[in-house]
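J.: Below are the structure tokens for one structure; questions will follow.
The values are calculated or read from the model by the stated rules, or taken from the named source; none is laboratory data. Everything quoted here is computed from the prediction, not taken from an experiment. Reconstructed Cβ throughout: ideal geometry from the backbone, glycine too, with neighbour counts over all protein chains shown. Remember, those area values only see protein heavy atoms, side chains included, never the ligands or the DNA or RNA. Shrake-Rupley method; radii C 1.70, N 1.55, O 1.52, S 1.80 Å.
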Amino acid sequence: GPRARYEEMVALGILKHDEQQHRVASMLELLLENLKIHQKNMELYNIELQSWKRTRHELREQMLEEEAEAEEARKNVQAKRNWRESISKMFTRYGKTRTLRQVEPGAGKMVARIKREKNLDNLIGCRPLPPESPKGIYLHGNVGCGKTLLMDLLFNSSEGVVKYRRRMHFHAAMLEVHDRMQKIWKEWRSSEKPGDEEEEGELEPRTDSVSPIFDAIADELLKNANDEDEFEGASLLCFDEVQVVDPFTAVALAGIFGRLLNRGLVLVATSNRPFTDLNKDGLQKEVFLKFLERLEKHVCPVSVDNKVDYRRVIADSYNKQKHYFWPLNSQTDEKLRLEWKNAISSLEKNGLTVSSSRVPVMFGRALEIPESCDGVAKFTFEQLCDYPLGAADYMALAQRYHSVFITGIPVMSMKIRDKARRFITLVDELYNHQCQLICTAAAPPDELFLGTDEGPLIDLEGLQFETEAEGTRLRRNVLVSGNVAPVTDHSKVQLLLSGYEEMFAFRRAASRLIEMQTPAYTVKRSLMGLSQTSKGT
């Protein structure tokens with residue numbers, strides 16, 4: 001369980017004991033036990049539900065047969081009446097025809113369906129209510145306080161315990177939402193007359209759904225295409241770094257999370273803010289407030305803000321930055337050249353060669369890789385951060401390569417604010433996918449975002465997320481595909497993020513760069529049960 005894994009990591013010296021972290025690990029341990037019970041309850045509930053569905057289906061089929069026979073009899077009566085009236089016309093100059101009253105076909109079908117389902121409710125009762133799911137946990141706190149680590153402890157401990165489980169990061173989730181929206185809209189547009197054919201079966205209960213398209217995305221998020229509509233077991237979603245960066249994010253989170261929570265999802269999330277402060281700019285306020293009311297009923301907010309950045313504490317204990325070489329000079333260039341040579345020499349002995357390649361990216365794009373060889377890739381800073389790339393590109397890179405070399409990382413200021421934002425997104429994706437970063441830089445991580453050309457970055461009240469730049473185009477027309485992400489015109493962009501958000505992003509990037517140089521970076525993940533995905537060209 002999470003607590004045992006945490007205590008093991010402390011015993012091995014990978015983590016330092018923190019009373020607050022230990023308390024949260026104990027809470028997650030209790031949640032895991034509750035999930036085990038909930039899984040069993042859901043299995044029993046599913047047996048009851050399937051029995052109820054079978055009985056209801058059999059009775060519905062019987063009613064449909066009786067209705068079909070009644071309709072056939074009505075048509076026969078109508079045909080006889082029409083025949084008699086046609087005969088009477090032959091003898092009556094001004095004969096008046098009368099037909100049996102017919103209800104408008106679509107409305108008549110729906111009225112008959114509603115009446116049928118009400119009769120079924122009276123005969124066998126309404127749908128059985130699912131067991132109440134345990135409350136999830138919302139972890140919030142500062143950089144390096146251990147939020148993600150604790151959440152991952154639970155997620156990996158839940159394997160084999162919970163039937164439906166998934167871990168997602170904010171960037172990946174938003175990209176997947178855009179991708180699914182694109183596919184769903186294409187399907188809906190290609191349908192000749194969507195909604196014309198009413199399926200027989202249970203009527204969908206009325207809800208305060210934000211949008212049918214978010215309902216469709218939510219229904220697919222945790223399950224395979226072949227799964228039943230209902231959750232047949234407990235469902236757990238671990239969501240890393242919840243944030244609200246634009247109106248679309250506010251509506252998407254409200255729509256998707258709201259639907260899943262209504263269906264019994266257990267949510268464990270991390271964020272740098274309490275959930276009551278997630279939407280301080282008031283984006284889509286009415287929709288988001290309804291979502292927050294529901295969130296309060298389903299999750300327990302827990303602060304992990306111990307004011308300590310444990311990534312730095314761990315790095316200080318090693319007192320060495322293994323793969324981060326600074327400043328930019330011939331000596332550091334030579335160190336990186338030797339690291340690159342060591343990385344590819346064994347591969348070349350096996351007959352592999354260094355070459356350029358292209359990696360497919362979401363939305364029909366491709367990322368150019370100037371030098372790569374079997375899971376190892378090399379770039380200059382400009383190649384990765386001077387072009388209009390976004391989270392989708394960096395995610396594709398991190399999924400394909402386990403080691404990434406970057407040369408010439410400069411000190412960042414307002415003069416290159418777009419490059420700084422892209423670099424932070426790149427670091428986030430490499431860290432989230434446990435990639436090894438080997439680089440040369442102009443300054444140590446703590447000084448990397450303190451440049452003064454045209455003003456320091458931390459003076460800016462908000463800085464545009466690259467994912468928002470991508471999302472802006474996608475929300476205008478999700479059916480458009482292209483080779484690169486769009487360039488955002490900052491003179492026209494409403495800057496929605498506060499200075500606090502940006503300083504948090506800079507501190508997080510510096511903190512992660514420091515941790516990525518330590519042996520604990522890889523050892524920690526293996527102890528937590530996160531196996532390295534096989535990556536290669």
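J.: Between Glu8 and Ile47, how high is the FRET efficiency from 1/(1 + (r/R0)^6) when r is the Cβ-Cβ distance and R₀ = 45 Å? Nearest 0.05.
T.: 0.75
J.: Sequence-distant or interchain residues sharing an amide H contact under 5 Å with Asn306, placed H: which?
T.: Placed amide hydrogens put Asn142 under 5 Å from Asn306.
J.: Separate question: Could you derive backbone 3J(HN,Hα) for the range 411-420 from the dihedral phi with the Karplus parameters 6.51, -1.76 and 1.60 (θ = phi - 60°), listing whole Hz in sequence and x where the residue is Gly or Pro?
T.: 6, 9, 9, 4, 4, 10, 4, 5, 5, 4
J.: Please report the relative contact order for the range 343-431, taking Cα pairs under 8 Å with a sequence separation of at least 6, and give it as a percent rounded to a whole number.
T.: Value for the range 343-431: 26 percent.
J.: Still on this structure, please answer the following. How high is the FRET efficiency from Asp446 to Asn329, r the C-beta distance, R0 22 Å, rounded to 0.05? Kindly include the intermediate steps, with their values, before the conclusion.
T.: On the way: r = 19 Å, r/R0 = 0.88.
Here the calculated transfer efficiency is 0.70.
J.: Could I ask something else about it? Taking the solvent-accessible surface of protein heavy atoms with a 1.4 Å probe, what is the per residue accessible area of the range 277-362 in Å²? It would help to have the intermediate numbers written out before the result.
T.: Values: 5550 Å² over 86 residues.
Heavy-atom accessible area per residue stands at 65 Å².
J.: Can you give the extra length, in nm with one decimal, that the chain gains between Cys126 and Ala112 once fully stretched, where that is 0.36 nm per residue apart less the Cα-Cα distance?
T.: On the way: separation 14, 0.36 × 14 = 5.04 nm, distance 1.81 nm.
Result: 3.2 nm gained on full extension.
J.: Quick one: 3J(HN,Hα) in Hz for the range 52-61, Karplus 6.51/-1.76/1.60 with θ = phi - 60°, rounded, Gly and Pro as x.
T.: In residue order, the calculated couplings are 4, 5, 4, 4, 5, 5, 4, 5, 5, 4 Hz.
J.: Heavy atoms only, 1.4 Å probe, whole protein assembly: order Lys290, Lys419 by accessible area, highest first. It would help to have the intermediate numbers written out before the result.
T.: On the way: Lys290 105, Lys419 40 Å².
Per-residue accessible area, sorted high to low, gives Lys290, Lys419.
J.: Calculated FRET efficiency, Ser346 and Glu368, Cβ-Cβ r, R0 30 Å, to nearest 0.05?
T.: Numbers: r = 25 Å, r/R0 = 0.85.
Between Ser346 and Glu368 the formula returns 0.75.
J.: Using θ = phi - 60° and the Karplus curve 6.51 cos²θ - 1.76 cosθ + 1.60, what whole-Hz ³J(HN,Hα) does each residue of the range 325-330 get, with Gly and Pro shown as x?
T.: 10, 8, x, 7, 7, 5
J.: So what's the convex hull volume per residue for the Cα atoms of the range 311-450, in Å³? Walk me through the numbers before you get to the answer.
T.: On the way: hull volume 16.1 nm³, N = 140.
Taking the convex hull of the Cα positions in the range 311-450, it is 115 Å³ per residue.
J.: OK, next. Give the long-range amide H neighbours of Arg165: residues separated by 5 or more places, or on another chain, with amide H under 5 Å away, using H modelled in the peptide plane at 1.01 Å from N.
T.: Leu236
J.: Measuring with a 1.4 Å probe in the full set of protein chains, what accessible area per residue, in whole Å², belongs to the range 1-92?
T.: Working: 5900 Å² over 92 residues.
About 64 Å² of surface per residue is accessible.
J.: Contour minus end-to-end for Asn306 and Lys75, with contour as 0.36 nm per residue of separation and end-to-end as the Cα-Cα distance?
T.: Values: separation 231, 0.36 × 231 = 83.16 nm, distance 7.68 nm.
Net length gain for the segment: 75.5 nm.
J.: Still on this structure: If you place +1 on the Cβ of every Lys and Arg, -1 on the Cβ of every Asp and Glu, and leave all else neutral, what size is the dipole of the range 268-367 about its Cα centre, to the nearest 20 Debye?
T.: On the way: 17 positive and 12 negative charges, 44 e Å.
Around 200 debye, computed over the range 268-367.
J.: Starting from the Cα-Cα distance between His22 and Lys183, subtract it from 0.36 nm times their residue separation and give me the gain in nm to one decimal. List each step's numbers first, then the result.
T.: Working: separation 161, 0.36 × 161 = 57.96 nm, distance 4.33 nm.
Using 0.36 nm per residue and subtracting the Cα-Cα distance, I get 53.6 nm.
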